[in-house]
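Heads up: the structure comes next, in structure tokens.
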Amino acid sequence: MAEIISVLNRKGGVGKTTTTINLGKALSLLGKKVLLIDNDAQANLTEGLGVELEDGDPTIYQSYKFGSPLPIIEIDENFDMVPSGSELDAYQNEINADITRNYKLKKAIKPIRNNYDFILIDCPPSIGAFTANAVTASTKYLITAQAGSAFSTTGLIEVKDMIDNDVKEEINESIECLGILITFYRPNVSASEATVQQLTEMFPEDLLKSKIRFLTKMSEAPFLGRDIFSHAPNSDAANNYASLAMEILDKYN
């Protein structure tokens, strides 16, 4: 049965989608069967994997609105994904009025959960209905924190407080923090090192040892619809995500 991991931060542009894609690919390269779920109307994960949808192609929207099976697309060996699209944004008001609004994604995942070792959910930069669905369905959550960004740290604190209090008390008492991941890290740059020091002091048990370095090739890969292992397999970033995957697997041993 899969571990289901929500990748979160209330702030955008802090490496959530990049981490979902490249952590997922790293786990698949280690022989794990992985499913990525694009749970954001911006559909950055869908685009970042080079998935081009035609009009009428199903996305996660149909699963939310109609209870349809998740439309799973095979990307590579052991590496599948569920696409999203802008129509999900239009469903925001409707889902908020639904009494079962927090359980739709959990219900959609249930039939296919045994098919995977890991299911990673890329969440929108907000604390709304779609993020609530993700954390309701998840066994773990992973927060990305951009080195050198005070706004990223604030978003991290808000999300962690929401899950550790509201979510665990009301809708998913078993969810646990998988870790806090520092992204856009620049060694020996004072703002980056200050973020590391601050998060080490604030969350000593949750901060992951792995850090994802800032690298131009990281921003190139999504424009080409590729993960970092396909685009720059010998780069520091690929090595960082490979180390992250090993660190996460070690938590289950």
* May I ask you to say which residue of Thr136, Thr183 is in a strand (DSSP E or B) and at pLDDT 90 or above? => Thr183
* Asked: Among (1) in contact with a strand residue (DSSP E or B) (Cβ under 6 Å, 6 or more places away or on another chain); (2) within 25 Å of Met218 (Cα to Cα), where does Phe151 come up short?
  -> (1)
* Asp250 being under 17 Å from Ala26 (Cα atoms), buried (at least 18 other Cβ atoms within 10 Å of the Cβ) and not aliphatic (A, V, I, L, M) -> no
* Do we have Ser174 as over 25 Å from Lys25 (Cα atoms) and either assigned to a loop (DSSP other than H, G, I, E, B) or within 18 Å of the chain's Cα centre (by Cα) (or both) here? -> yes
* Within region 83-131, work out how many residues are assigned to a loop (DSSP other than H, G, I, E, B) and free of Cβ contacts under 8 Å to residues at least 40 places away in the same chain. => 6
* To do: Residues that are among the hydroxyl-bearing types (Ser, Thr, Tyr) and touching a Phe, Trp or Tyr at 6+ places or on another chain (Cβ under 9 Å): find the strands (runs of 3 or more DSSP E) completely inside region 1-80 holding 1 or more of those.
  => 3-8
* To do: Output the residue which, of all residues in region 128-152 that are hydroxyl-bearing (Ser, Thr, Tyr) and in contact with a Leu (Cβ under 8 Å, 6 or more places away or on another chain), is nearest to Ile60 (Cα to Cα).
  => Thr131
* Taking Thr200 as the residue in question, decide whether it is more than 18 Å from Thr18 (Cα to Cα), hydroxyl-bearing (Ser, Thr, Tyr), in contact with a Lys or Arg (Cβ under 9 Å, 6 or more places away or on another chain) and not in a strand (DSSP E or B). => no
* **All positions within region 190-218 that are out of contact with any helix residue (DSSP H, G or I) (no Cβ under 8 Å at 6 or more places or on another chain), closer than 18 Å to Phe151 by Cα and of a type in the set (Val, Ile, Thr)** => Val196, Thr200
* **For Asn78: the one exception among (1) in contact with a helix residue (DSSP H, G or I) (Cβ under 6 Å, 6 or more places away or on another chain); (2) closer than 22 Å to Asn9 by Cβ** => (2)
* Asked: If we keep just the residues of region 68-87 that are modelled with pLDDT under 95 and more than 17 Å from the chain's Cα centre (by Cα), which is farthest from Gly24 (Cα to Cα)?
  -> Glu87
* Could you give me the residue pairs with C-beta distances under 8 Å whose first residue belongs to region 206-229 and is at positive phi, whose second residue is assigned to a helix (DSSP H, G or I) wherever it lies, and which are 6+ apart or on separate chains? => Gly225/Glu47; Gly225/Gly48
* **Residue that is farthest from Asp76 (Cα to Cα), among those in region 19-47 that are within 14 Å of the chain's Cα centre (by Cα) and among the acidic types (Asp, Glu)** => Asp40
* To do: Could you grab me the full set of residues in region 197-232 that are among the aliphatic types (A, V, I, L, M), surrounded by 13 or more Cβ atoms within 10 Å (Cβ to Cβ) and modelled with pLDDT under 90?
  => Leu215, Met218, Ala221, Ala232
* To do: Among the residues of region 139-171, write down those that are surrounded by 21 or more Cβ atoms within 10 Å (Cβ to Cβ), in a loop (DSSP other than H, G, I, E, B) and under 17 Å from the mean Cα position of the chain (by Cα).
  => none
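The values are calculated or read from the model by the stated rules, or taken from the named source; none is laboratory data. Please read these numbers as outputs of a predicted model, since none were measured by experiment. Cβ sites come from the backbone with ideal geometry, for glycine too, and all protein chains shown count toward neighbours.
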